[in-house]
1. Give the calculated FRET efficiency between VAL85 and ALA148 to the nearest 0.05, with a Förster radius of 30 Å applied to their Cβ-Cβ distance.
2. Over the alpha-carbon set of the range 1-68, divide Rg by the Kirkwood Rh and report the Rg/Rh ratio to two decimals.
3. SER16 versus GLU77, label points 7 Å from Cα toward the beta carbon: distance in nm?
4. Please compute the Kirkwood hydrodynamic radius of the range 41-125 from all pairs of different C-alpha atoms, in Å with one decimal.
5. Given a 1.4 angstrom probe, I'd like the percentage of the accessible area of the chain that is carbon and sulfur, rounded to a whole number.
6. Over the range 1-130, give the accessible area per residue in Å² for a 1.4 Å probe, as an integer.
7. Taking N as the number of residues in the chain, what is its Cα Rg relative to 2.2 N^0.38 Å?
8. How do VAL90, VAL45 stack up against each other in accessible area, from largest to smallest, with a 1.4 angstrom probe?
Amino acid sequence: MAEVTTIIDLAGLSLSHGEGRRLELPVPLEPLELAGQSYGSPEAVPIRLDVSRPSGGFAFRMRFPLRIEGPCMRCLEGAALETEVDAREVAQDDTEDEELLSPYVNDDELDLGRWAHDAAVLAIPTRFLCRTDCAGLCPTCGESLNDANPEDHKHSQAPDPRWAKLSELKLDK
Ligand SMILES: [Zn+2]
Ligand SMILES: [Zn+2]
């Protein structure tokens, strides 16, 4: 797959100390991967980037709406989530302090595409669910319990992990 890059030339903004600039631009995002799953996002997200120039460096605030689509972590049904990404970075010119050195700034260039991608990954909740009370899959038969009436969905006996393999074989004709 072709690399998606969006680089902002900070020198080209010609900001003096104390000045700021707001940029609005669509930025294509690389596919979001998390725990082996791929989470879709729009081709490009409309990014609002505030660049300011405090003494000795740059400060950035990036905001964009994000719609994430992917499998529910409990029942594997398709799920979608809309969220707002709001992230900040600072990049000081002369410092050894890691906190003040943005990993996305190099030689007066801001790697906005990579920052947006990383911020989008962070915006995916650790529990990505189709709904907050998703009932998940039945541990015995693997059917989604969201569609099943819990009263009807009962197995005659509690699953015994030692027999799980055996019953799989029996079901597998
Ligand atoms: Zn679910
Ligand atoms: Zn079941």
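1. On the way: r = 36 Å, r/R0 = 1.20.
Efficiency, rounded to the nearest 0.05: 0.25.
2. We get a ratio of 1.07 for the range 1-68.
3. 6.0 nm
4. Values: mean 1/r = 0.0696 Å⁻¹.
Every distinct Cα pair counted, the radius reaches 14.4 Å.
5. On the chain, the fraction of accessible area on carbon and sulfur atoms equals 49 percent.
6. Values: 7480 Å² over 130 residues.
It amounts to 58 Å² per residue over the range 1-130.
7. Values: Rg = 23.4 Å, N = 173, 2.2 N^0.38 = 15.6 Å.
In units of the 2.2 N^0.38 Å rule of thumb, it is 1.50.
8. On the way: VAL90 55, VAL45 0 Å².
Ranked from most to least accessible, the order is VAL90, VAL45.
The values are calculated or read from the model by the stated rules, or taken from the named source; none is laboratory data. None of the values given here were measured: they were computed from a predicted structure. All Cβ positions, glycine included, derive from the backbone under ideal geometry; neighbour counts span all protein chains shown. What goes into the accessible areas is simple: the full protein's heavy atoms, side chains included, and nothing from ligands, DNA or RNA. Shrake-Rupley method; radii C 1.70, N 1.55, O 1.52, S 1.80 Å.
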